[in-house]
Amino acid sequence: MPTGPSPIAADPAVLHPMPGQPRVVLLKPLVTSPLIEIGEYSYYDDPEDPTAFETRNVLYHYGPEKLIIGKFCALGAGVRFIMNGADHRMDGPSTFPFPTMGGSWSNHFDLLTGLPNRGDTVVGNDVWFGHGATVMPGVRIGHGAIIGTGSVVTGDVPDYGIVGGNPARLIRTRYGDEDVARLLAVAWWNWPVEHITEHVRTIMSGSIAALEAAAGDLK
């Protein structure tokens, strides 16, 4: 009995995945910095210049910390990641970074060494960022989280948490603890892309039990 043609997965290497919509870019084929790691299919949507993501949306990234974003993340226009290079001294009368301005002031560069480094900024898989959200240095955002429009994320976000506000606070979690554990065990974002393609409807609108059943097909 014929089964018809096999489903075809979207191409993760295409810069603009949506025909006629240059405002949408896949980030993995876009970024070039060794300090930025992006998973497949994560995208950024911006009507101005989405291809400038590395310079317009990842700010004060002087290293060595990394920005790590997982697979299947959706970033709305104006989402920004503030990196550790934004830190200034706060233990003296002035916070101005004199040594960075050159001249003999650069002889005092030791005053800028040893500033607090909050480490890598890490975003899990399947995270949705609303328009204009800002993520502060060293934050860790769990899988399946939702970051509300205009949020300023200053602390870690749990898996499947929904946060909003300035500073962002946990509004609720999308699932209870037991269901979150089930979803993390399934980890559909790590399935082979062919299997994801076969089960798109279950991933988007199915129950956790149906997702687990689809995962069982891989064994």
Rounded to the nearest 0.05, what FRET efficiency do ASP156 and SER94 give with R0 = 41 Å and r taken as the Cβ-Cβ distance? Could you check? 0.85
Taking the range 10-51 as the region of interest, what is the percent of Cα-Cα pairs per 5 angstrom bin, listed from the shortest bin to the one with the maximum distance? 5, 28, 30, 24, 10, 2, 0
Length-normalised contact order of the chain in % [C-alpha pairs under 8 Å, at least 6 apart]: 13 percent
Rh by Kirkwood over Cα pairs, then Stokes-Einstein D for the range 116-182 at 0.692 mPa s and 37 °C, µm²/s: 278 µm²/s
The range 1-153, accessible surface, carbon-and-sulfur percent (1.4 angstrom probe): 59 percent
Run the numbers for ARG172 and LEU112: contour at 0.36 nm per residue of separation, minus the present Cα-Cα distance, in nm. 17.7 nm
Compute the signed sum of charges (Lys and Arg +1, Asp and Glu -1) over the other residues within less than 12 Å, Cβ to Cβ, of TYR44. -1
Under a 10 Å cutoff between Cα atoms, tell me which one of THR121, THR173, THR55 has the largest fluctuation in the Gaussian network model of the chain. THR55
With a sphere of radius 12 Å drawn around the Cβ of PRO17, what net charge do the other residues whose Cβ falls strictly inside it have (Lys, Arg +1; Asp, Glu -1)? -1
Just by accessible area at a 1.4 angstrom probe, what is the order of THR202, THR51 from largest to smallest? THR51, THR202
Distant alpha-carbon pairs in the range 9-125 (separation over 24 angstrom), percent: 38 percent
Could you give the semi-axes, largest first, of the ellipsoid that matches the chain, computed as the square roots of 5 times the alpha carbon gyration tensor eigenvalues and rounded to whole Å? 38, 20, 15
If you count the DSSP beta bridges with both ends in the chain, what percent of them are antiparallel, to the nearest 5? 25 percent
Computed over the chain, protein heavy atoms only, probe 1.4 angstrom, the accessible area per residue in square angstrom equals 56 Å²
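The values are calculated or read from the model by the stated rules, or taken from the named source; none is laboratory data. Quantities reported herein were computed from a predicted structural model and do not represent experimental measurements. Here Cβ is always computed from backbone atoms with ideal geometry, including for glycine, and neighbour counts include all displayed protein chains. Side chains included, ligands, DNA and RNA excluded: accessible areas come from the protein's heavy atoms. Shrake-Rupley method; radii C 1.70, N 1.55, O 1.52, S 1.80 Å.
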